[in-house]
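Quick notes on the structure that follows.
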Amino acid sequence: MPSILLISGSPSVVSRSGSLLEYARRHFIAAGLTAHIAGLYDFPARELILGKYDSPAFDTLKDLLADASAVVVATPIYKAAYSGGLKTLLDILPQSALRGKTVLPLATGGSPGHQLAIDYALKPVLSALGATDLLQGVFASDHQLKVGTDGLPEFSDADLRTRFDNAVAQLTGIVTAPSPAI
Ligand SMILES: Cc1cc2nc3c(=O)[nH]c(=O)nc-3n(C[C@H](O)[C@H](O)[C@H](O)COP(=O)(O)O)c2cc1C
């Protein structure tokens with residue numbers, strides 16, 4: 001069964017970007033896939049900040065990543081880029097950790113003016129980790145969604161919801177497509 005790893009870069013307990021991941025995770029499970037979310041609270045802050053990439057604290061994450069056909073990376077926009085917390089997580093991954101995997105970037109931000117941060121900030125670091133199959137990505141600004149009491153996103157923008165649903169469906173289609181015969 002194909003597996004998807006969802007990585008959350010938000011330090012917020014109630015997180016808009018995290019709610020998008022939870023929505024996507026439930027979609028993947030309903031489609032018969034295996035899906036796991038890894039977030040900043042799953043790891044010791046000291047190991048993250050100090051870049052202790054060989055710490056056993058990251059063994060499970062590396063195993064999940066190695067097994068994953070696809071990765072969804074979600075971040076809040078901080079200072080016109082991805083969050084520092086996300087960078088600490090990406091920093092501990094092996095150099096070519098995303099090679100051969102389809103990657104969907106997601107971001108939420110207070111200002112629609114920072115939606116290009118996915119392209120100029122997040123995608124380059126994902127490429128540096130070996131990602132070549134990078135999907136377009138989805139940006140949501142804070143006025144377009146809030147987090148419901150169930151932890152799922154409540155969209156106030158139908159176009160955003162459609163774009164997000166399409167991105168999740170695209171990733172599901174790629175992961176579940178039969179392998180070409182050799
Ligand atoms: C320290 C900090 C810096 C931020 N910088 C930006 C920014 O430069 N541009 C922007 O659009 N939003 C910025 N924001 C707003 C967050 O990106 C936005 O509220 C986002 O949806 C939070 O996502 P989360 O709930 O998943 O943490 C910032 C928020 C914080 C706390």
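The values are calculated or read from the model by the stated rules, or taken from the named source; none is laboratory data. Fair warning: this is a prediction, and the values are worked out from it, not measured in the lab. Because the Cβ atoms are built from the backbone with ideal geometry, glycine has one as well, and the counts that use them run over all protein chains shown.
General remarks:
- Residue within segment 140-152 that is among the basic types (Lys, Arg) and farther than 14 Å from residue 18 by Cα present: no
- From 22, 47, residue being within 16 Å of the ligand (Cβ to nearest atom) and acidic (Asp, Glu): 22
- Against the criterion of being of a type in the set (D, E, K, R), in contact with a Ser or Thr (Cβ under 9 Å, 6 or more places away or on another chain) and within 24 Å of residue 32 (Cβ to Cβ), residue 146 does not qualify.
- When the helices (runs of 4 or more DSSP H) confined to segment 12-82 are screened for residues that are closer than 18 Å to residue 137 by Cα, out of contact with any Asp or Glu (no Cβ under 7 Å at 6 or more places or on another chain) and among the aliphatic types (A, V, I, L, M), those reaching at least 1 such residues are found at 16-30.
- Restricting the first member to segment 157-176 and to residues that are farther than 14 Å from residue 32 by Cα, and the second to residues that are polar (S, T, N, Q) and part of a helix (DSSP H, G or I), the beta-carbon pairs closer than 9 Å and six or more apart or on different chains are 157/144; 159/144; 160/144; 161/144.
- Of all the residues in segment 96-132, those that are at pLDDT below 95 and in contact with a Lys or Arg (Cβ under 7 Å, 6 or more places away or on another chain) number 0.
- Meets criteria (loosely packed, with under 13 Cβ neighbours inside 10 Å, more than 16 Å from the chain's Cα centre (by Cα) and free of Cβ contacts under 8 Å to residues at least 40 places away in the same chain) for residue 143: yes
- Applying the condition of being part of a helix (DSSP H, G or I) and touching a residue at least 12 places away in the same chain (Cβ under 8 Å) to segment 83-113 and asking which residue is farthest from residue 131 (Cα to Cα) yields 112.
- Scanning segment 84-118 for residues that are out of contact with any strand residue (DSSP E or B) (no Cβ under 9 Å at 6 or more places or on another chain) and among the charged types (D, E, K, R), we see that the one that is farthest from the ligand (Cβ to nearest atom) is 99.
- When we screen 80, 31, 74 for residues that are touching a residue at least 40 places away in the same chain (Cβ under 8 Å) and within 21 Å of residue 130 (Cβ to Cβ), the only hit is 74.
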